[in-house]
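Comments concern the structure below.
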Amino acid sequence: MVELTGRVIYAGESGYEDARLNFNTRYTASPFAIVFCQSVKDVINAVNWAQTSGIPVRVRSGRHHYEAFSVANDALIIDLNEMEQIQVGQGQTTIQAGAELVPVYETLSAQGVTIPGGSCATVGITGLTLGGGYGLLARWKGLTCDSLRSIEMVTAAGKVIVANSTQNTDLFWALRGGGGGNFGIVTSLTYQTYSIDKVTVYQLSWNWTEIERIIQFWQTWAAETDDRHTSILKLVPESVGSVFVVGQFVGTEAELRQVLAPLLELAPKAISIETLPYIEAVYAFAGLKPGYPKRLAHWHGSQTKFKNASDYVATPLNAAGIATVINFLKQAPSKNIVLQFDSYGGAIAKISSDATAFTHRQVKFNIQYQTYWIKPQDQTVHVNWVRNFRAAMQPHVTGGCYLNYCDRDLTNWQTAYYGNNWQKLKQVKQRFDPGNFFSFEQSVTSQT
């Protein structure tokens, strides 16, 4: 029988307690073992060992799965985080599946290039990409998956295959938005890169009393602006006292001020605009830039337990929709809550909804409901706030949800995440994993 190779930690051994942790500490699991793969051969051995032993597997790289589907009791966790090499070539980069975002950006920045990706520093590149990949360059160069050119993957049969525009094209389609852990274990990804130098970032704020006016304006403006501009509206509880709009522009301050001119007419109480090297903007939005406003960063605070969910908006919220937003923010159970509107349009919308597995192309923005807490006794009120808020918003949204902001409460997750692409994803699953070896709570299932 094949043996597990790599750095293997079994239940009860030194390092196990840390190895089983997930970013969202609301969830805990006690897996059989965690194998930290150092090579593709380690991944193959783990798959073959699990197939022979009958022990279920989960696949993990950055540990950021919102609902912790990448870990499970009595399972073998195949962790790729220690496979993190990054090779930069002419016009492209090949990245091993365990690399985290900031090291990726740093390595690429040294060569004057980047790829569009997310803003949270420790998110893994693979999970981000396979679920779509929204970030502050999305309206300029699309989602992370839109720059994907080729992948290497270990199948359920322990075979290494390649998928791109000429080989295994159906799998290549599925891996651009179809999610991680469904079809096999991706071990490396090749992306097109883009030259980048300086960008201009901004943060505007208004008194909370202006919230209705700011929502009304932002929701019709943000998705129609210059494609080089990506904007985020951050709404917080009334007790926090402000409304924020933050964003990034690939260009000069003078050009950005022209883009922002209609928004600036709404007389923000505070304006911060700064042109800086792209990598410095990465640090700023990731919360790694000393002294930078935390509202500009990917906000998480000290809270380690959270419930997040999402919705998509294709037509601007009407008066009733905006009133629902305002009422729920007034009823927020704590200050540790953010309602975030991420602008779409631009390059995202220039790809058809069936060209990749990521279907949510023709929308104005995504809503992310974020609530955080520390004490166990605070969980119920925070989780119920998100559930009730989402339920109240359903008349005003598309019914779609962003896979990377997954939600175990969804009963119709197949169509919420994938829309009309669900049936084709099942066909791809049938071809590459007919026995459903790769399986979790919301995994794509084969036709049988």
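The values are calculated or read from the model by the stated rules, or taken from the named source; none is laboratory data. Because the structure is a prediction, the values reported are computed rather than measured. Heads up, the Cβs are rebuilt from the backbone with ideal geometry, glycines too, and the neighbour counts pull from every protein chain shown.
Give me the pairs, please: first residue somewhere in the range 139-156 and of a type in the set (K, R), second residue anywhere and in a strand (DSSP E or B) and crowded, with 23+ Cβ neighbours inside 10 Å, beta-carbon distance under 7 Å, and either six or more positions apart or on two chains.
R139/H229; R139/T230; R139/S343; R149/Y191
For I214, which of the numbered conditions (1) touching a residue at least 60 places away in the same chain (Cβ under 8 Å); (2) more than 23 Å from the chain's Cα centre (by Cα) fails to hold?
Every listed condition holds for I214 apart from (1).
R139: among the basic types (K, R), surrounded by fewer than 24 Cβ atoms within 10 Å (Cβ to Cβ) and farther than 21 Å from S443 by Cβ, yes or no? Spell out how you get there, then give the answer.
Numbers: among the basic types (K, R): yes; surrounded by fewer than 24 Cβ atoms within 10 Å (Cβ to Cβ): no; farther than 21 Å from S443 by Cβ: yes.
No.
Tell me which strands (runs of 3 or more DSSP E) are completely within the range 150-260 and hold 2 or more residues being within 30 Å of I77 (Cα to Cα) and not hydroxyl-bearing (S, T, Y), or say none if there are none.
Numbers: elements: 160-164, 185-192, 198-207, 229-235, 242-249.
In the range 150-260, 160-164, 185-192 are the strands (runs of 3 or more DSSP E) which contain 2 or more residues that are within 30 Å of I77 (Cα to Cα) and not hydroxyl-bearing (S, T, Y).
Could you tell me how many of the residues in the range 414-448 are part of a helix (DSSP H, G or I), without any contact (Cβ under 8 Å) to a residue 60 or more places away in the chain and farther than 25 Å from W49 by Cβ? Full working, then the answer.
Going through the range 414-448, the residues part of a helix (DSSP H, G or I) turn out to be 414-432.
The next check asks that each one be without any contact (Cβ under 8 Å) to a residue 60 or more places away in the chain; those that pass are 414-416, 422-423, 426, 430.
Subsequent filtering for residues that are farther than 25 Å from W49 by Cβ retains 414-416, 422-423, 426.
The number of residues fulfilling the criteria is 6.
Would it be correct to say that T129 is polar (S, T, N, Q), modelled with pLDDT under 95 and within 18 Å of S188 (Cα to Cα)?
Values: polar (S, T, N, Q): yes; modelled with pLDDT under 95: no; within 18 Å of S188 (Cα to Cα): yes.
Here the answer is no, as T129 does not meet what is asked.
Which of (1) buried (at least 20 other Cβ atoms within 10 Å of the Cβ); (2) in a helix (DSSP H, G or I); (3) at pLDDT below 95 does R295 not meet, given it meets every other one?
That leaves (1) as the condition not met.
Considering only residues of the range 50-70 that are touching a Ser or Thr at 6+ places or on another chain (Cβ under 9 Å) and not in a loop (DSSP other than H, G, I, E, B), which is surrounded by the fewest Cβ atoms within 10 Å (Cβ to Cβ)? It would help to see each step written out before you state the result.
Let us first name the residues in the range 50-70 that are touching a Ser or Thr at 6+ places or on another chain (Cβ under 9 Å), namely 56-64, 68-70.
Among the residues that remain, those that are also not in a loop (DSSP other than H, G, I, E, B) are: 57-60.
Values: V57: 25, R58: 22, V59: 26, R60: 28.
Selected residue: R58.
Quick one: would you say G118 is touching a Cys at 6+ places or on another chain (Cβ under 8 Å) and either part of a loop (DSSP other than H, G, I, E, B) or of a type in the set (G, A, S) (or both)? Quick ask: steps written out before the conclusion?
Numbers: touching a Cys at 6+ places or on another chain (Cβ under 8 Å): no; either part of a loop (DSSP other than H, G, I, E, B) or of a type in the set (G, A, S) (or both): yes.
No: the conditions fail for G118.
From the list N207, N182, exactly one residue is out of contact with any helix residue (DSSP H, G or I) (no Cβ under 6 Å at 6 or more places or on another chain) and buried (at least 23 other Cβ atoms within 10 Å of the Cβ). Which is it? Write out each step before concluding.
Numbers: N207 fails: buried (at least 23 other Cβ atoms within 10 Å of the Cβ).
After applying the criteria, what remains is N182.
Residue by residue through the range 354-369, note down the ones that are touching a residue at least 24 places away in the same chain (Cβ under 8 Å), surrounded by 16 or more Cβ atoms within 10 Å (Cβ to Cβ) and out of contact with any Phe, Trp or Tyr (no Cβ under 7 Å at 6 or more places or on another chain).
Matches in the range 354-369: F358 only.
Keeping to the range 1-47, report how many residues are free of Cβ contacts under 8 Å to residues at least 12 places away in the same chain and more than 28 Å from the chain's Cα centre (by Cα).
3
When Y194 is evaluated against the numbered criteria (1) among the aromatic types (F, W, Y); (2) more than 19 Å from the chain's Cα centre (by Cα); (3) farther than 29 Å from V282 by Cβ, which criterion, by number, is the only one it fails?
(3)
Looking at T190, T220, which is the one that is closer than 20 Å to Y312 by Cβ and either modelled with pLDDT of 95 or more or not assigned by TED's automatic domain parsing to the domain that holds D354 (or both)?
Details: T190 fails: closer than 20 Å to Y312 by Cβ.
On inspection, the qualifying residue turns out to be T220.
Scan the range 386-396 and give yes if some residue there is of a type outside the set (A, V, I, L, M), surrounded by fewer than 22 Cβ atoms within 10 Å (Cβ to Cβ), modelled with pLDDT of 95 or more and touching a helix residue (DSSP H, G or I) at 6+ places or on another chain (Cβ under 7 Å), otherwise no. Before you say what the answer is, go through the steps one by one.
Applying the first criterion (of a type outside the set (A, V, I, L, M)) to the range 386-396 yields 387-390, 394-396.
Add one more test, that the residue is surrounded by fewer than 22 Cβ atoms within 10 Å (Cβ to Cβ), and what stays is 387-388, 390, 394-396.
Checking the rest, the ones that are also modelled with pLDDT of 95 or more come to 387-388, 390, 394-396.
Those left that are additionally touching a helix residue (DSSP H, G or I) at 6+ places or on another chain (Cβ under 7 Å): 396.
Yes, the range 386-396 contains a residue that is of a type outside the set (A, V, I, L, M), surrounded by fewer than 22 Cβ atoms within 10 Å (Cβ to Cβ), modelled with pLDDT of 95 or more and touching a helix residue (DSSP H, G or I) at 6+ places or on another chain (Cβ under 7 Å).
Every residue in the range 61-84 that is in contact (Cβ under 8 Å) with a residue 60 or more places away in the chain and of a type outside the set (A, V, I, L, M), please.
S61, G62, R63, H64, H65, Y66, E67, F69, S70, D79, E82
Filter the range 416-448 for residues that are under 18 Å from the mean Cα position of the chain (by Cα) and polar (S, T, N, Q) and give the result.
Q442, S443
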